[in-house]
Amino acid sequence: MTEWLVQNDTISRLTVFTITFGIMLVLERALPNRKWRPALGDSTLIKRQLVNLSLTAINTIALRALPFISASLASIWASNNNFGVFHWLEFNQASQFVLSIILLDFCIYWQHRYFHYNKFLWHLHKVHHCDKHLDASTALRFHPVEIVISMLLKSFVAILLGVPLAGLIAFEIILNASALFNHANIKLPLRVNKVLKVLIVTPSMHTIHHSTYKEETNSNYGFFLSIWDRIFHSYKSSCHLNKIIIGISEFDNKKVSSISKLIKLPFMK
């Protein structure tokens, strides 16, 4: 399994992303949680989704243009040089694989939380939060500089822990799929949602994080595992999910309706 992941890195990432995104689009139309409300500057839902998809394309190009910033290369270097906690403590391959996914998710939780409290990083992260409608495409809406910073962090963690390449690939596949899922505009049956959110972040849990209300925005930071929010006291539940206003109150959609405006957003007054 691990060898197959390494040998089929690109195709496995692309396949899981395409299938997950397609399923979410279907479910959003079959089981929507919120109705699409065209706001000032948005003509169609598809136009907005294309803007979000275009951002992820730009982010991919940005990372390709900076090949030295690569968590995969960091993982390979650590493996070739027997560097990192996993190598020093002589963990077996199965333990390394599982712990890589858990500990990388732990680091992404704290990265996300810090982006909300650091003034400069929050300006970058606003690109993600200023979306007035929450659906699977919002999971792709990040500023290129934030993506580069996130990749640098993952590279550092990969070296420090000695994360195996298969574990890193598996984590990134899981992270992307879970982000598409928990941002999706779908209403899960109450029992299903209750069971799932014991372990993973569900759409209802993450919707609260995209509220315009600051106390709700600064909660539920998890992307994959829901346990971190409970352990570190950032979990918040809500009984008024259908009344939550999505986005950032200081922005209207006219200000953030194009790629160029989103790219310039963190640097504008």
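Quick one: count up the residues across segment 128-182 that are among the polar types (S, T, N, Q) and under 18 Å from Tyr114 (Cα atoms). Number of matching residues: 2.
Looking at segment 230-253, can you tell me whether even one residue there is over 18 Å from the mean Cα position of the chain (by Cα), of a type in the set (Val, Ile, Thr), modelled with pLDDT of 95 or more and not in a loop (DSSP other than H, G, I, E, B)? Yes, the conditions are met somewhere in segment 230-253.
When Asn193 is tested against the conditions (1) at pLDDT 95 or above; (2) surrounded by fewer than 17 Cβ atoms within 10 Å (Cβ to Cβ), the lone failure is (1). Segment 170-225 holds helices (runs of 4 or more DSSP H) entirely within its bounds, and those carrying 3 or more residues that are over 15 Å from the mean Cα position of the chain (by Cα) map to 190-196, 214-217.
Answer with yes or no whether Ile169 is in contact with an Asp or Glu (Cβ under 7 Å, 6 or more places away or on another chain) and β-branched (Val, Ile, Thr). Taking the combined requirement at face value, the residue satisfies it. Quick check on my filter: what residues within segment 126-149 are in contact with an Asp or Glu (Cβ under 6 Å, 6 or more places away or on another chain) and in a helix (DSSP H, G or I)? Thr138, the sole residue that qualifies. Of all positions in segment 162-184, none carries a residue that is buried (at least 21 other Cβ atoms within 10 Å of the Cβ), in contact (Cβ under 8 Å) with a residue 60 or more places away in the chain and hydroxyl-bearing (Ser, Thr, Tyr). Here segment 30-48 is the region considered, the condition is being in a helix (DSSP H, G or I) and at pLDDT below 90, and the residue that is surrounded by the most Cβ atoms within 10 Å (Cβ to Cβ) is Arg48. Within segment 1-29, the set of residues being of a type in the set (Asp, Glu), crowded, with 16+ Cβ neighbours inside 10 Å and out of contact with any strand residue (DSSP E or B) (no Cβ under 7 Å at 6 or more places or on another chain) comprises just one member, Asp9. Is it the case, given these coordinates, that Lys187 is surrounded by fewer than 22 Cβ atoms within 10 Å (Cβ to Cβ), closer than 25 Å to Asn52 by Cα and in contact (Cβ under 8 Å) with a residue 12 or more places away in the chain? Yes; evaluated as a whole, the condition is true for this residue.
The values are calculated or read from the model by the stated rules, or taken from the named source; none is laboratory data. All of these numbers come straight from a predicted model, not from anything done at the bench. FYI the Cβ positions are ideal-geometry reconstructions off the backbone, even for glycines, and counts take in every protein chain you see.
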